[in-house]
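Some notes on the structure that comes next.
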Amino acid sequence: MNFVGEHILSVAQLDRADVEQIFAVADKMTPFAQRERVTRVLDGAILCNLFFEASTRTRLSFGAAFNFLGGSVRETTDMASTSLVKGESLKDFAQVISGYSDVIVMRHPIDGAVAEFAEASRSPVLNGGDGSNEHPTQALLDLYTIKKELRARKMDLDDLRIAVIGDLKYGRAVHSLIKLLKLFRNITFHLIAPPALSAPENVVNELRETGHEVQHFEQLQHGIQGVDVLYVTRTQEERFSSSAEAREYKGLFRINQVVYSQHCEPETIIMHPLPRDSREAAQELSVDLDSHPNFAVFRQSDNGLIVRMALFALILDVVDKVEDHSAPVGWITDARKWD
């Protein structure tokens, strides 16, 4: 696709070549994300971050990504502070906000609301997560992380074996990642969830129709054997009808050092889209794995900055201009420790 001026609302918009193009640009963004160089290529450009649902990583990484390209960020983090509570339509809201912005990122609790907003927007819109539907940029950064981790093992995304664990019904990051992986060849999916939280049937059917192997597991120890990646998710408590119902599933599939060493292959990569509920009763991924060399969760989070920088550069058509507006930044790299 030609990314210039386009909305990014769903991974369904992307084919394999598009994904590989995003990743190639992300590789070029790495020195800027790691503060080795600075660029002002988006000097004067404005990003509007509209986050109507709780967010830390997504909101801040989009903002930081735009800042690292030299642009400015304006934010709204509470729907109650907007005129939407006065009855303003998403269409009118989009018309107004897009007049203030060169690009917009929106998160909304209702499935499809970001797409509805984008229909009326005069500026490109990126979906920062809409209800339990999709989270396309999270899926892209997750896939980019898998690719980088596999590269160190001289492997690629084709023939990947992945266990996806936890709330597969409401986890929008899971839905988007599974759809992206469908673009590659011969993927084996171990979907580990209780029946009530299993992946939507249409998502599973699409995988099988495109030639991928899908196995369902209710027992964690069986599902995490023989895979290259563990992708662990939290229970999406905010999507349940009651907190009591959600509590039935919290901490159901706990992975700690003992479970990992007994059932996983030695090189199995450990991932989580965050936030992780680190309270002991709810913990889905134990903190005793944090120092394990295969624990890629925080590398995964860092990659979000790089991928979102790449998307902004592609959409605003500055990929070939980033270096022309750049310079080395010695004092930051001297003051900060980077792996």
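The values are calculated or read from the model by the stated rules, or taken from the named source; none is laboratory data. Computed from a predicted model, the values in this text were never measured in an experiment. Because the Cβ atoms are built from the backbone with ideal geometry, glycine has one as well, and the counts that use them run over all protein chains shown. To get the accessible areas, we keep the full protein, side chains included, count just its heavy atoms, and leave off ligands, DNA and RNA. Shrake-Rupley method; radii C 1.70, N 1.55, O 1.52, S 1.80 Å.
R107 satisfies every condition listed in (1) outside any helix (DSSP H, G or I); (2) modelled with pLDDT of 95 or more; (3) within 18 Å of the chain's Cα centre (by Cα); (4) surrounded by fewer than 23 Cβ atoms within 10 Å (Cβ to Cβ) except (4).
So is L143 more than 20 Å from L252 (Cα to Cα) and open to solvent by less than 20 Å² (accessible area, probe 1.4 Å) or not? Yes: the conditions hold for L143.
Does the range 93-101 contain any residue that is open to solvent by 50 Å² or more (accessible area, probe 1.4 Å), free of Cβ contacts under 8 Å to residues at least 40 places away in the same chain and at positive phi? No - not one qualifying residue is present in the range 93-101. Within the range 26-47, the set of residues being in a helix (DSSP H, G or I), out of contact with any Leu (no Cβ under 6 Å at 6 or more places or on another chain) and surrounded by 20 or more Cβ atoms within 10 Å (Cβ to Cβ) comprises A26, M29, F32.
Of the set (1) loosely packed, with under 14 Cβ neighbours inside 10 Å; (2) assigned to a loop (DSSP other than H, G, I, E, B); (3) not charged (D, E, K, R), all apply to V85 but (2).
Assess whether R161 counts as being exposed (fewer than 15 other Cβ atoms within 10 Å of the Cβ), at pLDDT 90 or above, more than 24 Å from L316 (Cα to Cα) and of a type in the set (K, R).
no
Kindly evaluate S132 against the criterion of being open to solvent by less than 10 Å² (accessible area, probe 1.4 Å), in contact (Cβ under 8 Å) with a residue 40 or more places away in the chain and either under 30 Å from H190 (Cβ atoms) or part of a helix (DSSP H, G or I) (or both). Considered against the rule, which asks whether it is open to solvent by less than 10 Å² (accessible area, probe 1.4 Å), in contact (Cβ under 8 Å) with a residue 40 or more places away in the chain and either under 30 Å from H190 (Cβ atoms) or part of a helix (DSSP H, G or I) (or both), S132 comes out as no.
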